[in-house]
1. Which is farthest toward the positive dipole end of the chain among Ala354, Leu122, Gly553, measuring Cα position about the Cα centre, with Cβ charges +1 (Lys, Arg) and -1 (Asp, Glu)?
2. With the dipole of the chain worked out from charges on the C-beta (+1 for Lys and Arg, -1 for Asp and Glu) around the Cα centre, which of Tyr259, Val524, Gly325 lies farthest toward the positive end?
3. Using r as the Cβ-Cβ distance of Ala621 and Phe357, and R0 as 60 Å, what FRET efficiency do you calculate, to the nearest 0.05?
4. Between helix 185-211 and the chain, what is the angle of the helix's C-alpha long axis to the longest principal axis, kept within 0 to 90° and rounded to the nearest 10?
5. With the contact rule set at Cα under 8 Å and sequence spacing of 6 or more, what percent relative contact order holds for the chain?
6. Rounding to the nearest 20 debye, state how big the charge dipole of region 329-465 is about its Cα centre with +1 on each Lys and Arg Cβ and -1 on each Asp and Glu Cβ.
7. Determine ³J(HN,Hα), in whole Hz, for all residues of region 136-141 in sequence, where each value follows from phi through the Karplus function 6.51 cos²θ - 1.76 cosθ + 1.60 and θ = phi - 60°; x replaces Gly and Pro.
8. Using a Förster radius of 22 Å, what is the FRET efficiency between Ala318 and Ala25 based on their Cβ-Cβ separation? Nearest 0.05, please.
Amino acid sequence: MSFQLPFRQIHLDFHTGPDLPDVGAEFDADAFADQLAAAHVNSVTLFAKCHHGHLYYNTRHPARHPGLRPGLDLLGEQIAACHRRGIRAPIYLSTQCDEFAATTHPEWRVVNPDGRLAGSPLNACWHLVDMSSPYQDYLADQVAEVLKQFSPVDGIFLDMCWDQPSISTWALAGMRKAGLDPLREADRMAYAHQVALDYMTRYQKLVIQLTGNPDLPVMFNSRPLWNVAAEKKFLRHVEIEALPTGDCGYMYFPLNVRYVRTFGLPTLGMTARFHKSWADFGGLKPQAALMYECCQMLAHGARCSVGDQLHPRGVLDAGAYDLIGAVYRHVEACEPWCADAMPVTDLAVIRVPATGFFEAPGNANEGAVRALTQLKQQFDLIPASNIFDAYRVVVVPEGVDVTPELAARLKRYVAKGGAVLFSGSAGFTTDHQPVLGAQQGVFCTGESPFTTTYLRFTGSFAEGIAANTDHAMYEHGLRLTPAAGASATGLVNVVEPYFERTWDHFCSHAQTPGQALSPYVAAVRKGRVVTCAFPLFKAYGAHGSLACRHLIGKLLELLLPEPLLRVTAPSFVEATVTRQPKRHLVHLLSYAPVRRAPGLDIVEEASWVKAPAVALRLPKAPKRVTRQPEGAALPCRYRHGYAEVTLPELAGHAMLVFED
């Protein structure tokens, strides 16, 4: 890489409609850049073209914003002022959202399968253009102009690059040429995907050709992050746009960062300063929320970016940059302990394949990330194709297709001393045979006839949960029994209901109560392999049942009795381990998002925790332990292979540094 990805970035939108007459009227380049510098910003993505399709620099192109002050090279002055202060300034261009092009060339617009143009002309919405139309050439000319006019550029950010199906004249011709049937949705999506790959290839080559720099970062935003493995060739780094108070929620970033960081690319998390989502003028989130979001990025080895939108007159919001500056001051202080820090993990969780841009809430991937984070396990989310030999445990959630090739790799992994946890259907073929054969030590007689059964915890499995009750398992399970050499004793029993609930055969408001212990078991263990009868991760993602998370934790204790990290703290406290040369770091985050409105979770203050205790597995006692960036020394006791530290208190973010 020719540059180090900066830690303190701003993504500055400027989607400014043509009816605004005073664009840039109050812009002062030095005041603009001074405000960024005062807020500890060291990179800002600036706008050449917005979603309205307007340009903000000196150009003869008719798309230059009609309200932009005559003679004002807004982008050029911004870049120059930022560069004078050592602030990096990559350039933004909108891609498929281009109102000017859609208005002046309506024939380029996306056509839906019903023959209607995408976007309603009577609603305030973006009218999308088809990337298989001549618009692709139109955009290429704009990219080329920007690259030439502002050379050398710090990077190019192309936004709104999702796979967009269309049946425009050009799309129909392209599908015919490719042998695809426009009547089939799958073929329309396949063609849209190929169009996206083709224009990403084209624009990347254009950037290299005009700059001579194959390492210049070109970001194609709005691509599905679960497809990074296939699209890595287009990327110099990965940006995870994750506005918790927008459509993403507080699970989108941690789920995706644990996945994309395994591909070896620098990673950037992007949140925003808005109370809700993009362009929420007048909406400012609490400082604790922005601090949590940025520190969570640091804890996972990522850099930080905060989204903002410049007022049309060209003046940054002073309150927003007071907020950003307060957070970025802390980020800057943390950087020496975060630069090039690599996550350290015990577990690999194979990611369940996804489709679309956002996965529906309550899925198995989300459930796995929620449960394992709350259990303080150190884990990565990986594709099934990845090598997993370096991990101590591989978790295979329901929904993962364990192909013969994957099964063979898992068998070799177990034979070498690895451990595997199968959840629900992932452990079996379609005819209910265990995917690892005799290594699993389990028989499956098929699905339970009961939609809801109950878990009864006994022995050591009852520690930490109400033992004198039966806990509902809200998801459909399998009927398992142990084979020779395997055991279900001391794990957890299954209680079955009197009958399956139907329209003409039911009892009370919800599931039928339990009747008796079943001869079938909830989990079977044989050596280093545990197979669970239930879709644990889907169940936890969908229902958040404490009993389900408790069972996940107890099954992992069987396979990983000495985890990398043990933390005595409430479940909302997040803990991650990273590694720099000659030291380990433990990040602790104590924030608890609260639902303040329908669909809106927010953090208004850090959560105070008394005397959280941390035990980090190390081969020898550390030379010293400090809390950073404060620099305070912490007493440490080393015993049984763990370095043990107790903080007096925790409120917000803490970094514990264990020196080799």
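Just so it is clear, none of the values below were taken in a lab; they were calculated from the coordinates. In this text, all values refer to a predicted model and were calculated from it rather than measured experimentally. Glycine also receives a Cβ, built like all others from the backbone with ideal geometry; neighbour counts cover every protein chain displayed.
1. Sorting the options by dipole projection puts first Gly553.
2. Of the listed residues, the answer is Val524.
3. Result of the calculation: an efficiency of 0.80.
4. The answer is roughly 60 degrees.
5. Across the chain, relative contact order equals 11 percent.
6. Its charge dipole is roughly 340 debye.
7. For region 136-141, the Karplus curve yields 4, 5, 4, 5, 4, 5 Hz.
8. Efficiency at R0 = 22 Å is approximately 0.80.
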